[in-house]
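Heads up, the thing below is written out as structure tokens.
The values are calculated or read from the model by the stated rules, or taken from the named source; none is laboratory data. These numbers were taken from a predicted model, which means no experiment stands behind them. Don't worry about glycine lacking a Cβ; one is built from the backbone with ideal geometry, like all the others, and counts go over all protein chains shown. To get the accessible areas, we keep the full protein, side chains included, count just its heavy atoms, and leave off ligands, DNA and RNA. Shrake-Rupley method; radii C 1.70, N 1.55, O 1.52, S 1.80 Å.
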Amino acid sequence: SFQNEINEVPFFDIQLPYELALKIFQYLGKTELGRCAQVSRTWKILAEDEVLWYRLCQQEGYLLDTSISEHSCWKLALKNCRARERTLKTNWKNRIGAVSQLQYELGKILCDVHSCDGVVIAGYTSGEVRLWDTRTWDYTAPILEPMHGPGDAGPQPRVSFVRINSSLAVAAYEDGTVGVWSLMFGREPIHRYQHNQRIQALALGSEGATVATASGFEVKVESPNDRGYWQTTGTFELQKLVNFLNLVPDVTGSPVTVAAAEDIVYLLKAEDPGKVLHSVYGQPVTCLDVSAREAAFGVKTFGWLLNEPNQILLYNLETSQCLKKMGNSMGDFMCVNLQNSPPNMLVTGNKDRRVRVFDLRKSESLCSLYAHQLGVSAVQMDDWKIVSGGEEGLVCVWDQRMGTKLWEMHARHPVRHVWFNSHSLITANIPDDKTPRGASIMDDDLTAHCKHRGIIYAYEFSVDQLAVESVLPICRSSYDEVTGYSYNIGLAVPYDSI
């Protein structure tokens, strides 16, 4: 080809070797490369070199895990990625997509929901744990085998907490049992252990296989050794009851846990068992989130100290220094999301019904959105949008830079889980009342009325690409709902588009 014949590239009044010319061109952006391609035939070949466009693609964060040989034209690949991102953004903003309910009637009432990359785990009052993989149209939903054998008399204890990551699913039960399943190998639990009392908090590492649970004054950390046998890697005795528990992500060596017990925040490492990160007497911690290097938590101060309202504190986990005190609010901070936020950003939800976004380099909030009728109970952001859930059951999607609400959806119970990525959103409304009248185990009718049950929604915004190559929405409808009217909201219920 012509490219193979080019050894020298004319650069004004000198001829440069191709490799050297390529090195100069690598400092140019897309627009400049486009202009250079119009100079001459030689420059066009140079400006459209695959190496340059592959590098640009990677710099913009697209197709990061692909090698250069996987696409024949990287300029086109970049163009397609950008077009897809624009379409997705438009779909999010205008609520164009499909919405599905992930329901499981036999499970009685929803107790806890968690998700990871579109795989959803739910635990119920019946003691059952259920998975959905929303990345495929035909949701195959295994029910994980119970921890309690068929020989155990009486009803199964209800589920208190569930967590999931890319390889494990974990459930903690009311009776203090903890079950661990591998997502790779079948539905039988691969590990179980027991606490003597009720479990107050459960944490699962975002990657790898480490589980931490808190019961009474004890925190237990379990993980498999090199040969795959599970063992207790740490037991910590604390002075107070734990309310929140997180495992620090990306830790090499023994796992590090952050535990908030009433008004003390502990940093629990094997070599330093009872290290106190933060403690102010009589100022309880109201929410907690942890990233690889920092911990952020809300602290409730009391009314007589009017000069010191409720705040979010940010601590460095390596130095144990308090880096920032942010936000002054009369309401308690009910949720904080640090781990999934863009770099140097943090988003919080407050009992005063506001969502606040903080820049960790400053102390005041970048934006404060008056979001919900009751407190804000779940929140997540990315570089342009915020999704928040409230105690009154409303899920709101916001354009962060404009500070405007794009759209909202309502269901009956408080929103306790919100998770999204570029193309999908999962929300869960979980009832506070787990034993509503007329829905007890002793009743003859074992199914609770659907209004008591709680609900999980899965939204998919890249529907236009998926619908072509997969099953038609009408064919994947379960026909559970009688009506198919969409209330003009632009999200298609399965039988809206035939």
- Note on the structure: A careful count of residues in segment 57-78 that are under 20 Å from TYR27 (Cβ atoms) and over 28 Å from the mean Cα position of the chain (by Cα) gives 3
- Note on the structure: Of (1) in contact (Cβ under 8 Å) with a residue 24 or more places away in the chain; (2) open to solvent by 30 Å² or more (accessible area, probe 1.4 Å), MET402 fails just (1)
- Item | Filtered residue count, segment 377-394, keeping only those that are touching an Asp or Glu at 6+ places or on another chain (Cβ under 7 Å) and free of Cβ contacts under 8 Å to residues at least 40 places away in the same chain | 1
- Hey, SER100 modelled with pLDDT of 90 or more and among the hydroxyl-bearing types (Ser, Thr, Tyr) or not: no
- When you look at VAL211, is it modelled with pLDDT of 95 or more, farther than 23 Å from ASN344 by Cα, open to solvent by less than 40 Å² (accessible area, probe 1.4 Å) and of a type in the set (A, V, I, L, M), yes or no? yes
- Task: Could you grab the pairs with beta carbons closer than 6 Å, sequence gap of 6+ or different chains, first residue in segment 22-36 and farther than 16 Å from GLU60 by Cβ and open to solvent by 80 Å² or more (accessible area, probe 1.4 Å), second one small (Gly, Ala, Ser) and assigned to a helix (DSSP H, G or I)?
- Result: none
- Message: I'd like to verify a number: residues in segment 180-189 that are more than 20 Å from ALA122 (Cβ to Cβ) and assigned to a strand (DSSP E or B), how many?
- Response: 0
- Message: Give all pairs with beta carbons closer than 9 Å in which a residue from segment 340-354 that is in the same structural domain as ARG416 (by the TED database) and more than 16 Å from VAL299 (Cα to Cα) meets a residue that is open to solvent by 40 Å² or more (accessible area, probe 1.4 Å) and of a type in the set (A, V, I, L, M); count only pairs at least 6 apart in sequence or on separate chains.
- Response: MET345/LEU366; ARG353/LEU374
- Task: Taking only segment 194-208 into account, find how many residues are at pLDDT below 95, more than 17 Å from SER254 (Cβ to Cβ) and open to solvent by 30 Å² or more (accessible area, probe 1.4 Å).
- Result: 4
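For every residue, the table says whether it meets (1) open to solvent by 50 Å² or more (accessible area, probe 1.4 Å); (2) in a strand (DSSP E or B); (3) modelled with pLDDT under 95.
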{"position": "SER388", "(1), (2), (3)": "no, yes, no"}
{"position": "MET409", "(1), (2), (3)": "no, yes, yes"}
{"position": "PRO436", "(1), (2), (3)": "no, no, yes"}
{"position": "MET442", "(1), (2), (3)": "yes, no, yes"}
{"position": "THR447", "(1), (2), (3)": "yes, no, yes"}
{"position": "TYR459", "(1), (2), (3)": "no, yes, yes"}
- Note on the structure: Within segment 180-226, the residues that are among the hydroxyl-bearing types (Ser, Thr, Tyr) and either in contact with a Ser or Thr (Cβ under 7 Å, 6 or more places away or on another chain) or on the phi > 0 side of the Ramachandran plot (or both) are SER182, THR210, SER223
- Task: Give the number of residues within segment 346-366 that are of a type outside the set (Asp, Glu), modelled with pLDDT of 90 or more and either crowded, with 20+ Cβ neighbours inside 10 Å or part of a strand (DSSP E or B) (or both).
- Result: 11
- Give VAL379, VAL397 a once-over and let me know the one that is modelled with pLDDT of 90 or more and surrounded by fewer than 21 Cβ atoms within 10 Å (Cβ to Cβ). VAL397
- Query: Of all the strands (runs of 3 or more DSSP E) wholly in segment 214-327, which have at least 3 residues that are surrounded by fewer than 22 Cβ atoms within 10 Å (Cβ to Cβ) and at pLDDT below 90?
  - Reply: 272-279
